[in-house]
1. How far apart, in nm, are two points set 7 Å out from the Cα along the Cα-to-Cβ line at Thr38 and at Asp127?
2. Using θ = phi - 60° and the Karplus form 6.51 cos²θ - 1.76 cosθ + 1.60, what ³J(HN,Hα) does each residue of segment 115-122 get, whole Hz, x for Gly and Pro?
3. Arrange Leu135, Leu73 by Cβ neighbour counts within 10 Å, fewest through most, would you?
4. If each residue of separation counts as 0.36 nm, what is the full-extension length gain between Glu18 and Val47 once their alpha-carbon separation is subtracted?
Amino acid sequence: MEQLATQIDPSNPQSIEEAMRSGLLEPQTTPEQKSALTRLETLLALVEGWVDVVVGDAVGERLPGAEALRETLRRRRASGGPAEQTFATLVGLELRPRRLRAAAALWRLVGDQHGIEKRDGIWAHPDLIPTAEDLDDPMEFSERLGAVGELGDDPIAELERTEREEKERGESGPGQS
């Protein structure tokens, strides 16, 4: 802030213009903001990837030229539209085509290995949503999802049951009965 005060002369519009070009007036991003931005980018990629898989399954054999249409939409996403450019400018949010493809691959894999109900049931609770690391290794996510067992009708109850079981195991400790 002190640097800003010494470099800007309010009576000289050119000094204000130079400060704007130099980035002095741009807000600094905190580590917490960067983390939140990464989570938001991942969530948006997951939504886009899920939509891509679901729509592809729905129109695949019913709509002539569906694959060409999907490819056109992928290319449009890659170039980014006005909304993407606005988000990138305002908050640094970037929708990366590679992440969108990775998310679609993750949803396709989970659907193929565990079924559509389990794939769509993942949206039932934020703790079940894949992370950025899961997009990097969708096979590990799918295996972990299979190891958890079937999602019940109430995912929150399932999470609470799992927490209770872990707590009970932790309280008894190794070597205790």
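Rule-based calculations on the coordinates, nothing more; no lab input. Everything numeric in this text was worked out from a predicted model, so none of it was measured. Note: ideal-geometry Cβ built from the backbone for every residue, glycine included; neighbour counts use all protein chains shown.
1. 2.2 nm
2. x, 5, 4, 5, 4, 6, x, 4
3. Exposure proxy ranking, most exposed first: Leu73, Leu135.
4. Details: separation 29, 0.36 × 29 = 10.44 nm, distance 4.03 nm.
Between Glu18 and Val47, full extension yields an extra 6.4 nm.
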